[in-house]
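J.: I'd like to ask you about the structure that follows.
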Amino acid sequence: MKSFIRNFKHANNDMHTSTKVIYIILAVLALLFMGGKLINDPMILIMIGVLMFSIILHEIAHGLVAYLNGDETAKVMGRLTLNPIKHIDPLGMLLPLGLILMGSSFVIGWAKPVPVNYRNLKNGEFSVFQVSIAGVVVNFILAFLGASIIKFFPELYMNNEIIHVAVGYLIRLNLVLGIFNLLPIPPLDGSKILWSLGGDAVKNIVVSLEQYGFIIIIGLSYMGILWKVIDPAFGFLVNVLNIYIR
């Protein structure tokens, strides 16, 4: 545990002191709240594990594809690893943890973005497209793998409570994460995908929105528009997976 805390501090040593204090307070409150929730519903631990696994693989995919396209930044910085310490973003984990503990059906989270030096990519805009879409592809693959477990091991899925919860959440979470990240709002992957496919006018629009992206996302979420955009695509993909399972 001491080693984890030491490594976590080192991974976040560039964070402003006031920000650290806020995160510490939020983390303590979350842990206290989580303790009570876990007593009543220990399966929440499974959901948290699935969440961390999914968002970490999402980020590793970006770094791995960047590496295959000529940029070694992520590898040099030790980000092509499953070690969660290298990837955890405090706010990106506290927010989804809070949503899970509150029983929200809509959960989003994120790890630290994997660093990519786009100047090193050997195929220009096509490489940017590949790097940007890699995380989303991984999310959809994970959802498909979950559906495959249900299809080929139905008794295991139905009779083992842990597998049932983990697989069901793996599918739902990764479908939402994949769709959410496809939205063309900076800093989501969809904005970089749009940038890589669009002309100069589109690129300028994407760049101009970068400083407002997070505010736009919060605003859309607060007004209930975000889920209204995600829900139709989510329902469609769930139906596709149901057809595959049958």
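Any read-out appearing in this document is the output of simple, stated calculations on the displayed coordinates, not a laboratory observation. Predicted model only: the values in this text are computed from it and were never measured. Quick reminder, even Gly has a Cβ in these numbers, built from the backbone with ideal geometry, and neighbours come from all protein chains shown.
J.: What list of whole percents do you get for P(r) of the stretch 74-229, with Cα-Cα distances grouped in 10 Å bins up to the one holding the largest distance?
T.: Spelled out per bin, shortest first, that is 10, 31, 36, 19, 4, 0.
J.: If packing is taken as the mean number of other Cβ atoms within 10 Å per residue, what is the order of 53-59, 162-168, 199-205, highest first?
T.: Taking the mean over residues of other Cβ atoms within 10 Å, the ranking is 53-59, 162-168, 199-205.
J.: Same structure, new question: What's the percent breakdown of Cα-Cα distances in the stretch 133-208 across 10 Å bins, shortest bin first?
T.: With 10 Å bins starting at 0, P(r) equals 20, 35, 22, 15, 8, 1.
J.: How about Lys203: which aspartates and glutamates have a C-alpha closer than 13 Å to its C-alpha, ignoring those fewer than 8 places off in the same chain?
T.: The qualifying aspartates and glutamates are Glu125.
J.: Which order do the peptides 141-151, 212-222 come out in when sorted by mean C-beta neighbours inside 10 angstrom, highest first?
T.: Ranking, from highest mean packing down: 141-151, 212-222.
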